[in-house]
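The values are calculated or read from the model by the stated rules, or taken from the named source; none is laboratory data. None of the values given here were measured: they were computed from a predicted structure. Heads up, the Cβs are rebuilt from the backbone with ideal geometry, glycines too, and the neighbour counts pull from every protein chain shown. Please note that ligands, DNA and RNA were not included when accessible areas were found on the heavy atoms of the full protein model with its side chains. Shrake-Rupley method; radii C 1.70, N 1.55, O 1.52, S 1.80 Å.
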Amino acid sequence: VSQSRYPPEPDTQQTSDAAAEPDVVELQRSLEAAEKKAAENWDKALRAVAELENTRRRAEKDISNAHKYALERFAQDLLPVIDSLEKALEACLQESQQAMKQGLELTQKMFLDVAKKYGLEAIDPLGQPFDPTVHEAMAMQPNPNMDGNMVMTVVQRGYILNGRLVRPARVVVVAS
């Protein structure tokens, strides 16, 4: 048996399969990494779209509130005028002041109609249960003719502008 000085030639089929296996494994790892990166980017894109939608909704709500409550400060400044008209009407008790009383009533009605047109509404809680969210109790008095915690007297009417409290009604509540 003769031995050659050169090492035997490797089997080319076996070597190419062994070299191909690391390439396949490397490709699978690369594919998995790419899929993971794609899933992360998809998640980021969904979050960005959701954030954009939330920002759009918030902006719409802010604009809506700005339109709805733009008159709030103006309404607050007009409330003393309405109060003065009410006090003037209360002062017109004599027969000789009947014409003045009718004029004041018409002026007050016009004023309140215009205010209502722009969303300003009076709170007149006489005989209703006391609600601290829209009423301010000025005093409590016993009254055997009424249930406890009911509004007995309205000292000053409250006002709401488009569902938002501008001024609470100041009331006297029946002590229980």
Exercise. Scattering from the C-alpha atoms of the chain alone, worked out with Debye: what is log10 I(q)/I(0) at q = 0.18, 0.19 1/Å?
Worked result: -1.18, -1.23
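Summarise the accessible area of segment 37-176 (1.4 Å probe, protein heavy atoms) by the percent that is carbon and sulfur. Can you show the working numbers first?
Numbers: 5590 of 9780 Å².
C and S atoms contribute 57 percent here.
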Seminar exercise, completed: Among A139, P129, Q97, the residue whose Cα sits farthest towards the positive end of the charge dipole of the chain, when +1 is placed on the Cβ of each Lys and Arg and -1 on the Cβ of each Asp and Glu, is Q97
Exercise. Just how many pairs of Lys in the chain have C-alpha atoms closer than 26 Å, counting pairs that are eight or more places apart or on different chains?
Worked result: 15
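Quick check for you: with a 1.4 Å probe and neighbouring chains kept, what is the accessible area per residue of segment 78-176, in Å²?
62
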For this session: Find how much the distance from N65 to E21 grows on full extension, using 0.36 nm per residue of separation minus their present alpha carbon separation; answer in nm with one decimal.
Result: 9.3 nm
Problem set entry | Axial C-alpha extent at least 24 Å, average Kyte-Doolittle at least -0.5 - helices from the chain (DSSP) | 72-91, 98-117
For this session: Please list F74, F111 in order of solvent-accessible area, largest first, computed with a 1.4 Å probe with all protein chains present.
Result: F74, F111
Seminar exercise, completed: Once the dipole of segment 19-84 is set up from charges on Cβ (+1 Lys and Arg, -1 Asp and Glu), the residue from the list P80, V24, A66 lying farthest towards its positive end is P80
